[in-house]
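Reviewing the structure listed below.
The values are calculated or read from the model by the stated rules, or taken from the named source; none is laboratory data. Predicted, not measured: the structure shown is a model, and the values here were computed from it. Cβ sites come from the backbone with ideal geometry, for glycine too, and all protein chains shown count toward neighbours.
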Amino acid sequence: MTAHLKQDKPDTRNLLDKMRQGVIGKPLSRPDGPAKVSGTAPYTADHAVENCLEGVLVTATIVRGEVADIDAQSVLTMPGVVAVIDDERLTARAAQGGADEAPEQPARKVGYFGQPIALVVAESFEEARDAAKQLKVDYRADDLSDIPLDPVQTDPEPQDDGTRQGDLAHAMTSAAHSVDLTYRTEGHASAAMEPHAAIAEWDGKRLTVHASLQMLNHNIIELADALDVKEEDIRLISRYVGGGFGSKLGISEETVAACVAAMELGRPVRVVMSRQQVFQCIMRRSETKQRLRLAADGDGKLIGFGHEARVSNLPGEDFAEPVLQSSEFLYAAENRLLQLEVARIHRMTAGSVRAPGEAVGMPALEAAMDVLAEKAGIDPVELRLRNIPDKHPSEGLPFSSHKLAECLKQGAEAFGWDSGPRKPRQRREGEWWIGTGMASAARVHNIEEAKARVTLKADGTALVETDMTDIGTGTYSILGQIAGEMLGLPVEKVLVELGDTRLPRGSGSGGSWGAASVGSAVFVACNRLRERLAGKVGIAADDLVLKDGTAGNDLRLTDLLDGEDLCEEGHYEPGEIEDDYTAAGFGAFFAQVRVNRFTGETRVDRMLGAFGFGRVLNEKTARSQCLGGITWSIGAALTESLLFDPVDGHLVNCDLAEYHVPVHRDIPDVEVIMVEERDPAASPIQAKGIGELGMCGGAGAIANAIYDACGARLFEFPMTPDRVLSALPE
Amino acid sequence: MAITINGQEHDLSGDPRTTLLDYLRDDLRLTGTKKGCDHGQCGACTVLVNGMRINSCLTLAVMHDGDSITTIEGLGSLGSPSTLQKAFVEHDGYQCGFCTPGQICSATAMMAEIRAGWPSDASEELEGPIGATSEEIRERMSGNLCRCGAYANILAAIGEVAEEELS
């Protein structure tokens, strides 16, 4: 049976807090942990499939044009080689998140350097890899001089009408204090540790596909469209995903290629992207150029707020890095101008990388706020506190909940923030200058439709089933805790099955919406199960107390069930509530850095993040999400940068030796404060997202700390030693 | 040619191009060892060769005639995890879990290196005993990337075990 909730108003019943099991929110270890530490957790490429062939993708060595000829014979005589697949269905790009349609086809038409164009299939990986390197391909290539490659030299197109209120130019001239600054950020890669992979099996009628994906509910639609196969004839399985960060939101090239090959050859085919291919063929975060105009009165209250940004993408891609997303609502100011522009260039596809938009927009904004604080002679924490709006500044909607002030205050206190007058270069240890900086955090709360089935079994255990994924976020943990809390079962008695399209459609993992969306579906199912149990007892559901497998007093759940399984499918949909409230997670970052006065190297000494994101569903996994975000903040601040060849636009640093993600030694002592709250408008479980908030502004805190340490104001991220040195005052 | 994996002897007569990593994963179906980059840049494929840690993607299987290899499967099992494996679960020393076998193999050998007094960039002295300080562990584990950003928790897990076993 199905229980449906379309949320049109805040759910103030706050049912989870009225339950008695006491597992919700607790820092429980992950149920999937033992499998992960013992190496027995099966990721996509680990599955043993009999008679499986190996496929290796071949990628384009031109920027734009067409594949004129593929000389399959050039490799078909090599040992073990079975086929060269260059079918019309092969995809040229990965699908954007939630695309629900096939990505660009055919692969024969080339739009960027490094695009997959064919698949070589052989009996072994070694044979396929060798043949892929030897394959002769002729192109009809467009003249490089006709191809736009550089966003700076390309006329951008406006993304939409933007936000315009009042007169920003006038506010700037009449302000007591103002800043007009331009920032640049470079592109980022998701660089999930597990390369994109797929194993496809075709039985002549149906496809079974193991793939590393974040959103099976969308991916199955995209794959069906790409292959022209009915959805009901496809089964997608993704029980363990080795990280996503946006890169696995949409179906990608290796999955389609594995399916096409399996269907053509009648044997299972495995395709795993090389690390270089993951960098080149999946998604980049766009580089940005951002102009920040902030105008404040004598008290530091903002009267003007301007944030304009230019990003880039391939022609035909709808996605534009939403740089201004948090600027829409974070600070009050009557005179506003927000405008996003997209330059169309032939670099690899730009798409979602953890915290799309805020990851680069917030650091620039928060760095500019620091300059304004200095100009106005106001403590940076105080400047933020003075500018918290009481409603959405342009839409006028109330906030569902708002913990920025608490995060700023609690964070400042725990960090030991000195709110006295600030001046750079006040502290030195040997050749290191030491300084502190802070920034606000903000990220919109997203929630999606989701379904999950919960079965309360006659033996007193429960089974939660959905095609939702756990990409390291803790889905296995929190769904077990929600069901356990609602049904009065210890988590050991709740089994969570994920990542299989045979199960009810979840929300997918993306945009930090997974926990709140699919958690609400589980909640809705459990709530109906509670009503049915209450009916059996003969009391109202509100009076039903479920704990440790009992339904109050001596009434055992197993006796109450009397051999019967109770099953409910929970279906959650966000309703009109989305039009009534502005929902967002808020927070504050504090950082202490040291900058080497001779080399310009920056090391982060310690960092603290305080975050308010609704109910904490599992204190341990939620904290881990925050730690992850802060780690990404440090990467974005200091090292991460995609570099493109100016001649042909190819990605130069397409591996983990040249693209520098933070390593152990880059990450200092990190403190996380979770400012607990209940947000009844965010979801019926009062939870919001947390996966991305931890990197929405953190790099700004580090920029501000660098200035406090050594006096170098940087307007480019990442803040590499060369850039720090050239910005150092004499 | 023969190689010993987790105490069991295996034949080494496959494709000479096969890396130790692919030999483990594809020929022996020991898939706990992960391929994250195939270029020795991420550490996900770390295994122990005669007790020393190595990126198994950077070495060919045929180069290990007579060697004894320990993989994550040899350090502990689902039912009987090692102290370090238990500590990773307790401290949430992972998120997606893909780098985890490499982190655990690497940390196992790293503690032996500290015990043997090998200095690192973080060591204050080149000679004499080395303390398992946070900075030592961070430096010595820096070849094992974790993109989820679980470093603080991985450090806590290793630190707890190192304190017990090295003090």
Out of region A:99-152, which residues are among the aromatic types (Phe, Trp, Tyr) and either not assigned by TED's automatic domain parsing to the domain that holds residue A:277 or not in a strand (DSSP E or B) (or both)? A:112, A:113, A:125
Go through region A:687-711 and count every residue that is in a loop (DSSP other than H, G, I, E, B) and either free of Cβ contacts under 8 Å to residues at least 24 places away in the same chain or buried (at least 24 other Cβ atoms within 10 Å of the Cβ) (or both). 7
Criterion first (surrounded by fewer than 16 Cβ atoms within 10 Å (Cβ to Cβ) and more than 12 Å from chain A (Cβ to nearest Cβ)) does residue B:51 satisfy it? yes
Check residue A:519 against each of (1) surrounded by 18 or more Cβ atoms within 10 Å (Cβ to Cβ); (2) in contact with a strand residue (DSSP E or B) (Cβ under 7 Å, 6 or more places away or on another chain); (3) not in a helix (DSSP H, G or I) and name the one condition it does not meet. (3)
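Yes/no per residue for (1) touching a residue at least 60 places away in the same chain (Cβ under 8 Å); (2) in contact with a helix residue (DSSP H, G or I) (Cβ under 8 Å, 6 or more places away or on another chain); (3) of a type in the set (D, E, K, R):
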{"residue": "B:25", "(1), (2), (3)": "no, yes, yes"}
{"residue": "B:30", "(1), (2), (3)": "no, yes, no"}
{"residue": "B:45", "(1), (2), (3)": "no, yes, no"}
{"residue": "B:50", "(1), (2), (3)": "no, no, no"}
{"residue": "B:67", "(1), (2), (3)": "yes, no, yes"}
{"residue": "B:73", "(1), (2), (3)": "yes, no, yes"}
{"residue": "B:83", "(1), (2), (3)": "yes, yes, no"}
Within region B:107-154, restricting to residues that are β-branched (Val, Ile, Thr) and within 13 Å of another protein chain (Cβ to nearest Cβ), the one that is surrounded by the fewest Cβ atoms within 10 Å (Cβ to Cβ) is B:133
Matching residues in region A:160-185 (under 14 Å from residue A:294 (Cα atoms) and free of Cβ contacts under 8 Å to residues at least 12 places away in the same chain) number 2
Going through region A:522-541 in order, the residues found to be assigned to a helix (DSSP H, G or I) and over 37 Å from the mean Cα position of the chain (by Cα) are A:532, A:533, A:534, A:535, A:536, A:537, A:541
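Looking only at residues in region A:646-673 that are among the acidic types (Asp, Glu) and in contact (Cβ under 8 Å) with a residue 40 or more places away in the chain, which one is farthest from the other protein chains (Cβ to nearest Cβ)? So that I can check it myself, show each step before the final result.
In the first step, residues of region A:646-673 are kept if they are among the acidic types (Asp, Glu); the result is A:648, A:655, A:658, A:666, A:669, A:671.
Filter once more, so that each one left must be in contact (Cβ under 8 Å) with a residue 40 or more places away in the chain: A:648, A:655, A:666, A:669, A:671.
On the way: A:648: 23, A:655: 6, A:666: 8, A:669: 8, A:671: 9 Å.
The selected residue is A:648.
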Can you name the residue in region A:670-685 that is out of contact with any Ser or Thr (no Cβ under 9 Å at 6 or more places or on another chain) and assigned to a loop (DSSP other than H, G, I, E, B) and is also modelled with the highest pLDDT among such residues? A:675
Just one of B:97, B:40 is modelled with pLDDT of 95 or more and within 8 Å of chain A (Cβ to nearest Cβ); which is it? B:97
I'd like the residue in region A:1-32 that is in a loop (DSSP other than H, G, I, E, B) and among the small types (Gly, Ala, Ser) and, out of all such residues, is nearest to residue A:471 (Cα to Cα). A:29
Any pair with Cβ under 6 angstrom, 6 or more apart, that starts in region A:457-470 at a residue that is closer than 19 Å to residue A:240 by Cβ and of a type outside the set (S, T, N, Q) and ends at one that is at pLDDT 95 or above and part of a loop (DSSP other than H, G, I, E, B): A:465/A:503; A:467/A:501; A:467/A:503; A:467/A:505; A:467/A:506; A:468/A:498; A:468/A:506; A:470/A:498
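Here is a yes/no grid of residues against (1) surrounded by 24 or more Cβ atoms within 10 Å (Cβ to Cβ); (2) away from chain B (no Cβ under 12 Å); (3) free of Cβ contacts under 8 Å to residues at least 12 places away in the same chain; (4) assigned to a helix (DSSP H, G or I):
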residue: A:600; (1), (2), (3), (4): no, yes, no, no
residue: A:607; (1), (2), (3), (4): yes, no, no, no
residue: A:624; (1), (2), (3), (4): yes, no, no, yes
residue: A:632; (1), (2), (3), (4): yes, no, no, yes
residue: A:635; (1), (2), (3), (4): yes, no, no, yes
residue: A:640; (1), (2), (3), (4): yes, no, no, no
